[in-house]
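Taken together, the values in this text are just the output of simple stated rules run on the coordinates, not laboratory data. Note that this is a predicted model, so its numbers are computed, not measured. Backbone-built Cβ (ideal geometry, glycine too); neighbour counts: all protein chains shown.
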Amino acid sequence: MEREGLTRREYLQWAGVGATALAASAVGASCGGVKQERAITEKPAEPSPAEVANRARRMKWWHEAKFGMFVHWGLYSVLGRHEWAMEVEGIPVAEYEQLAKRFKPQPNAARAWAKLAKQAGMKYMVMTSKHHEGFCLFDTKLTDYCAPQQAAGRDLVKEYFEAARGEGLRAGLYYSLMDWHHPDGARCLTDEAARRRFVDYIHGHVREICSNYGKLDVLWYDVNWPLDVKGWESEKMNKMVFELEPDTIVNNRNGLPGDFSTPEQHIEAEKEGRAWETCMTMNDSWGYHQADDNWKTPKAILRNLARCAGGGGNYLLNIGPKPDGSIPDESVRILTAVGQWMAKYGATIYESERSKVTSSLFAEFTRAGNTLYMHVHYWPGSTVALGGLRTKVLNARLLTTSQKVDFKQEEFRVQFTGLPEKAPDNLATVIEIECDGEPVQDEEWVRKERPRRGVGISA
Ligand code: GLC
């Protein structure tokens with residue numbers, strides 16, 4: 001299908017399939033003590049103006065959304081000890097398959113996820129439709145190793161979409177290319193007939209999830225082991241996706257650049273113009289892990305969210321529901337606290353753009369036009385200082401009370417004074433700082449230019 005006003009070449013570029021074939025392979029990276037396979041994606045090719053415009057159109061809602069819920073759910077939830085258990089513990093496939101008999105979630109468990117996501121201020125969700133274990137939560141004609149044909153007896157992806165849409169949230173699907181269950185999942189690397197069968201299977205799934213559930217807002221590929229872009233036929237894959245779902249957005253984990261990058265468990269802003277989304281767990285596991293108690297605090301989560309927004313990126317935060325679909329209590333507690341804060345101060349996140357002020361020992365920054373939002377997570381007391389600001393401050397306000405804040409601006413420092421001794425908002429207190437231009441910070445300038453003195457101490 002060709003899009004109106006676009007040449008075929010532009011269409012293909014827009015669809016993310018015009019890039020030169022990229023070398024993609026998998027490397028082991030350590031994450032929470034588990035060796036993870038990660039796609040390597042080469043630098044994106046320079047996009048054409050038509051591609052830029054089309055991508056901006058497709059991604060508008062996503063850029064505004066800032067905060068999403070990732071959901072990892074599958075047979076590994078029954079085991080309750082991380083979604084990589086099958087491989088890391090070397091569980092035989094025939095033994096692992098038996099879990100499908102025990103995976104019988106409560107009906108419509110996804111409704112509680114969607115409600116919680118909404119309360120937390122999240123605007124979209126992404127759920128695993130098939131993780132590396134190979135078990136499909138969706139109805140498929142290509143295998144009976146799927147929820148509707150096993151004990152669950154229902155299409156869990158359908159329930160998920162209904163739940164997300166019921167709460168007015170955008171909904172996407174995660175889909176793992178790597179498959180530990182499919183007979184051709186490893187030998188496809190050396191056996192062409194196996195590769196053909198396996199790639200047809202994977203493309204067939206992608207076709208199903210793009211065709212059977214109405215609008216798919218995000219397609220979130222994962223781990224492209226063991227093939228490269230050519231082997232996976234990733235360009236053909238994305239082309240099919242965009243023919244079926246012209247408005248969707250895709251990530252970079254099928255080896256092609258796609259629409260956005262996916263830093264995992266860390267925050268790393270992409271260069272200006274390239275979209276990115278940090279995905280992160282709330283403890284150390286994506287799938288439900290009964291004994292993993294290394295929970296992040298609501299403060300840490302809000303800090304990460306502000307840092308992502310300030311870097312022009314999104315934050316996709318994970319829950320790992322239990323096998324019955326219920327959400328671990330800690331996740332509910334954390335997201336509820338996050339939501340209470342977001343209900344008051346969410347505008348400083350949603351309506352923000354990339355900030356050129358980034359450095360503080362106790363705050364993160366977002367920006368809306370010429371206004372800087374200083375999110376102070378470690379409150380220093382009645383004076384809050386910011387170094388290296390090269391823009392003139394016009395006004396400052398404490399968002400908690402809306403009260404005006406006095407300030408003193410020197411060449412290398414601005415100090416906000418007369419503030420409460422104790423943090424007005426324990427999770428993050430926001431100072432709204434209106435400037436006479438886009439706020440810019442230059443730390444190097446402070447280091448080089450701040451006047452120095454002699455070697456002694458002056459009287
Ligand atoms: C990694 C892991 C996987 C998790 C994903 C989320 O690729 O293999 O378990 O689903 O990251 O980003």
Fill in: Volume per residue of the C-alpha convex hull in region 37-185, rounded to whole Å³
149
Worksheet, complete the sentence: In terms of the charge dipole of region 341-459, which places +1 on Lys and Arg and -1 on Asp and Glu at the beta carbon, the residue among GLY388, ASN370, GLY437 farthest towards the positive end is GLY388
Worksheet, complete the sentence: If every Lys and Arg gets +1 and every Asp and Glu gets -1 at its Cβ, then about the Cα centre region 363-447 yields a dipole, in debye to the nearest 20, of 180
Worksheet item: Which of the pairs LYS66/LYS322; LYS66/LYS118; LYS60/LYS230; LYS66/LYS344 have their Cα atoms more than 20 Å apart in this structure?
Response: LYS66/LYS322; LYS60/LYS230
Worksheet item: Under unit Cβ charges (Lys, Arg +1; Asp, Glu -1), what dipole magnitude, rounded to 20 debye, does region 272-335 have relative to its Cα centre?
Response: 300
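So between ALA300 and GLU162, what do we pick up on full extension, going 0.36 nm a residue minus the alpha carbon distance?
Details: separation 138, 0.36 × 138 = 49.68 nm, distance 3.10 nm.
46.6 nm is the gain from fully extending ALA300 to GLU162.
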Discussion item. Among GLY454, SER211, SER261, which residue has its Cα furthest toward the positive end of the charge dipole of the chain, with +1 on Lys/Arg Cβ and -1 on Asp/Glu Cβ?
Written reply: GLY454
Worksheet entry | Degrees, to the nearest 10: 49-65 long Cα axis against longest axis of the chain | 80
Worksheet item: Against the longest alpha carbon principal axis of the chain, how many degrees, from 0 to 90 and to the nearest 10, is the axis of helix 156-166 turned?
Response: 40
Worksheet, complete the sentence: Dividing the helical contributions, -39500 (n - 2.57) per DSSP H run of n ≥ 4, by the residues of the chain yields a 222 nm value, nearest 500 deg cm²/dmol, of -8500 deg cm²/dmol
Discussion item. Just to confirm my numbers, what's the Cα centroid distance between region 100-177 and region 49-91 in Å?
Written reply: 12
Practice prompt. Just subtract the alpha-carbon distance of ALA193 and SER211 from 0.36 nm times their residue separation and send over the number in nm, one decimal.
Written response: 3.8 nm
Fill in: Set LYS271/LYS408; LYS123/LYS296; LYS356/LYS392; LYS101/LYS123; LYS123/LYS158 screened for pairs whose C-alpha atoms are more than 26 Å apart
LYS271/LYS408; LYS101/LYS123
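Can you give the FRET efficiency for ALA186 and GLU243, using 1/(1 + (r/R0)^6), R0 = 41 Å, r = Cβ-Cβ distance, to the nearest 0.05? Walk me through the intermediate numbers first.
On the way: r = 30 Å, r/R0 = 0.73.
Using R0 = 41 Å, I get an efficiency of 0.85.
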Practice prompt. Express as a percent, rounded to the nearest 5, the fraction of DSSP beta bridges in the chain (both residues included) that run antiparallel.
Written response: 55
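Taking the Cα centre of the chain as origin, work out the dipole magnitude from +1 charges on Lys and Arg Cβ and -1 charges on Asp and Glu Cβ, in debye rounded to 20.
Numbers: 59 positive and 62 negative charges, 198 e Å.
Magnitude of the dipole: close to 940 debye.
By how many nm would the segment from ALA53 to GLU353 grow when fully extended, if each residue of separation counts as 0.36 nm and the alpha-carbon distance is taken off?
Length gained, ALA53 through GLU353: 106.2 nm.
Suppose R0 equals 45 Å; then what is the FRET efficiency for THR417 and VAL88 from their Cβ-Cβ distance, rounded to the nearest 0.05?
Numbers: r = 54 Å, r/R0 = 1.20.
So, using R0 = 45 Å, E works out to roughly 0.25.
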Worksheet entry | Pair LYS236, ARG154: separation of 7 Å Cα→Cβ label points (nm) | 3.7
Discussion item. Between region 344-412 and region 219-258, how far is it from one alpha carbon centroid to the other, in angstrom?
Written reply: 40
Worksheet item: Once the Cα atoms of helix 329-345 and of the chain are each reduced to a long axis, what angle between those two axes, in degrees from 0 to 90 to the nearest 10, is obtained?
Response: 50
